[in-house]
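Trainee: Please read through the structure below; I'll follow up with questions.
We did not get these values from a lab; they are worked out from the coordinates using the rules stated. A quick note: this is a predicted structure, and the numbers were derived from the prediction, not measured. Cβ placement follows ideal geometry from the backbone for every residue including glycine, while neighbour counts extend to all protein chains displayed.
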Amino acid sequence: MDILVYGTINSVTLSLLSLGFTLVYSISRLPNFAHGALYITTGYFIYLFLNGLGLSYPLSIIFGIALTSLIGAMMYRLILIRIRGMEISEIIATYAIGLAMIEGLRWGGLRGTTFTLPSFASGSRDILGVSVDDQRLLVVVVGFAVFALLYFFVRLTRNGLALRGIAQDERAAMMLGIDSDRMAVVSFAMGSSLAGLSAALILPLGNIVVEAGYNVLVFSIAVSVIGGLGSWSGAIIASFIIGFAQILTEKFLSSHFQMVIALLAIIITLLIKPSGILGRQKELEERV
Amino acid sequence: MLEAKELMVFYENMLALNNVSITAETGSVIGIFGSNSAGKSTLMYTLSGIMLDIKKKEAMRGGERITLFGSLTFEGRDISNLPPHARAKAGIVLCPERRRIFPESSVLENLKIGSYLTSVRERKNNLEYVLCVFPRLHEFLSRQGGFLSGGEQQMLAIGRALMANPKVLLLDEPLLGLSPVYQKIVIKAIKEIRKTRGIAIIISEQYSRPVIPIIDRGYIIENGSSVLEGTKEELMDNPDVKSAYFGIE
């Protein structure tokens, strides 16, 4: 039973971590390799606002996420807009920005285990006979709420529909008056704030360490590759596969295998079905 | 209203469009005829601004060098440097070749994406209007765009363009690959749109026989140049045109 409960928690955590990456890729076809850096930077921002400026916790979180989404938007506006369409350059640029942010934080003093965020909820309760602390439950609840919100956003609102249009056929969307660059900025801002939101929820469970930035990036890539690049439902399915696989190995082998599982899953996917579970290869007509 | 003067487009050194001038007045239907690779789509892309986007992307990628010459004015305003989304906002909307429906969105969502620029009330009116022009769309409003047949997709593509409230509607090969039944539906719809909306419509087609009766003026394009232009009657009476384009001996 504890496998089921903790597997679900772990899976929702993973999908929340990778949601921003998937969102940006599905809309703008840009692989945001700075995703992990944005995640950990938000954590540090919140820490600074809370302890350095003495703001209240909710306010720190809001400012932290807002600042991160601004960084994401500026990243596109100032740098990525110039190299869009060149896949290798996009990866190099976003990864370089990410590296600079993560290593900049390390250089700036984010080292050791002294940086922590307080949890929102400290109690714990029994779920199906398994004791779960409230912070983890909150992650699951907010995770599902975010999925639901996004689902309705892209189906019912004008901007959400426009984002879906751009994601499916950029040129056709342009012909209808949708500005591709503006939508890319919106998608980067949204993806970054999702990275920030997951940081605000998940970081209180442990310490703010810069290595988490790299881990989050690897998990996001694993989830996206396995689910099929740019496929939202694929990403959620992949999160559950990796999430449960991690919990199972943790129970029966050892907890060191978490990262191994994610990387192994990438390799297996690339060998068996390179396009991922729900990813589609482009139509022949579009490819040639 | 829309006036293109001496348009020239080069792909590297290849001349794709040579000195083409076109005018479209409010309420008129213009036909652009020519065979494959005559330059019809290049012309449509140039009018709608998509060519600027292609040019930008090619330049960024270090690919083909695309050069554009000529002037484009719309309602007295120079639009030759306006990107495609801004031209759509100004009122020039292209319904592209091969339809380019959003395959994963439902028919209704496709139409809603089309109304990105309009207010909620306009969207409602336009939706009613589109369903009036293409009553058959009613049957599959909730079906995914990718599952429609070619003819159904064409109705949706024209409907989607209408949702954007165009002042100039560009239809690039609207009859491509359609059965005679759907060709009739599309032709009837174009007549209806012209009557009820009074907008300018520019149609490019290689299969000109069904289109020629509904146009006011037509241009015949060969190898990128406009070789002949005139009213419907002038085109129909021209002996060369008769044999080459309309299959009338």
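Listed here are the residues, each with its yes/no results for (1) buried (at least 23 other Cβ atoms within 10 Å of the Cβ); (2) closer than 28 Å to residue A:83 by Cα; (3) of a type in the set (D, E, K, R); (4) under 13 Å from the mean Cα position of the chain (by Cα).
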| site | (1), (2), (3), (4) |
| --- | --- |
| B:45 | yes, yes, no, yes |
| B:55 | no, yes, yes, no |
| B:61 | no, yes, yes, no |
| B:75 | no, no, yes, no |
| B:79 | no, yes, no, no |
| B:98 | no, no, yes, yes |
| B:102 | yes, yes, no, no |
| B:106 | no, no, no, no |
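Trainee: What number goes with the only condition from (1) under 17 Å from residue B:154 (Cα atoms); (2) free of Cβ contacts under 8 Å to residues at least 40 places away in the same chain; (3) not hydrophobic (A, V, I, L, M, F, W, C) that residue B:243 does not pass?
Mentor: (1)
Trainee: Tally the residues that are closer than 22 Å to residue B:85 by Cα and aliphatic (A, V, I, L, M), restricting the search to the stretch B:15-52.
Mentor: 8
Trainee: Also, quick follow-up: Report whether or not residue A:45 is outside any helix (DSSP H, G or I) and surrounded by 21 or more Cβ atoms within 10 Å (Cβ to Cβ).
Mentor: Details: outside any helix (DSSP H, G or I): no; surrounded by 21 or more Cβ atoms within 10 Å (Cβ to Cβ): yes.
No; evaluated as a whole, the condition is false for this residue.
Trainee: For the stretch B:215-229, give me each residue that is in contact with a strand residue (DSSP E or B) (Cβ under 8 Å, 6 or more places away or on another chain) and touching a residue at least 60 places away in the same chain (Cβ under 8 Å).
Mentor: Going residue by residue through the stretch B:215-229, those that are in contact with a strand residue (DSSP E or B) (Cβ under 8 Å, 6 or more places away or on another chain) are B:215-221, B:223-229.
Across the stretch B:215-229, the qualifying residues are B:215, B:216, B:217, B:218, B:219, B:220, B:221, B:223, B:224, B:225, B:226.
Trainee: Same structure, new question: In the stretch B:112-132, what residues are β-branched (Val, Ile, Thr) and facing chain A (nearest Cβ under 7 Å)? Break it down stepwise before answering.
Mentor: If we filter the stretch B:112-132 for residues that are β-branched (Val, Ile, Thr), which is where we start, we get B:113, B:118, B:120, B:130.
Selection gives B:113 alone.
Trainee: For the stretch B:25-59, give me the residue count where each residue is touching a helix residue (DSSP H, G or I) at 6+ places or on another chain (Cβ under 8 Å), more than 13 Å from chain A (Cβ to nearest Cβ) and in a helix (DSSP H, G or I).
Mentor: Result for the stretch B:25-59: 1.
Trainee: Identify, by number, the condition in (1) charged (D, E, K, R); (2) over 18 Å from residue B:101 (Cα atoms); (3) part of a helix (DSSP H, G or I); (4) in contact (Cβ under 8 Å) with a residue 24 or more places away in the chain that residue B:209 doesn't meet.
Mentor: (3)
Trainee: Against the conditions (1) out of contact with any Gly (no Cβ under 7 Å at 6 or more places or on another chain); (2) closer than 16 Å to residue B:218 by Cβ, where does residue B:73 fall short? Just the number, please.
Mentor: (2)
Trainee: Still on this structure, I have one more. For residues in the stretch B:161-177 being in a helix (DSSP H, G or I) and either free of Cβ contacts under 8 Å to residues at least 12 places away in the same chain or touching a Lys or Arg at 6+ places or on another chain (Cβ under 9 Å) (or both), which is farthest from the other protein chains (Cβ to nearest Cβ)? It would help to see each step written out before you state the result.
Mentor: In the first step, residues of the stretch B:161-177 are kept if they are in a helix (DSSP H, G or I); the result is B:161-163.
Next cut, either free of Cβ contacts under 8 Å to residues at least 12 places away in the same chain or touching a Lys or Arg at 6+ places or on another chain (Cβ under 9 Å) (or both) only: B:162-163.
Details: B:162: 11, B:163: 8 Å.
Here the answer is B:162.
Trainee: If you don't mind, there's one more thing I want to ask. Collect the residues in the stretch B:76-90 that are within 10 Å of another protein chain (Cβ to nearest Cβ) and assigned to a loop (DSSP other than H, G, I, E, B), keeping them in residue-number order.
Mentor: Within the stretch B:76-90, just B:83 meets the criteria.
Trainee: I would also like to ask the following. Could you pull out the residue among B:97, B:109 that is within 14 Å of another protein chain (Cβ to nearest Cβ) and assigned to a loop (DSSP other than H, G, I, E, B)?
Mentor: Every option except B:97 fails the conditions.
Trainee: Here is a follow-up. Of all residues in the stretch B:212-249 being part of a strand (DSSP E or B) and charged (D, E, K, R), which is surrounded by the most Cβ atoms within 10 Å (Cβ to Cβ)?
Mentor: As a first pass, look at the stretch B:212-249 and keep what is part of a strand (DSSP E or B): B:217-222, B:225-231.
Filter once more, keeping what is charged (D, E, K, R): B:217, B:222, B:229.
Numbers: B:217: 20, B:222: 15, B:229: 18.
Ranking the qualifying residues of the stretch B:212-249, first place goes to B:217.
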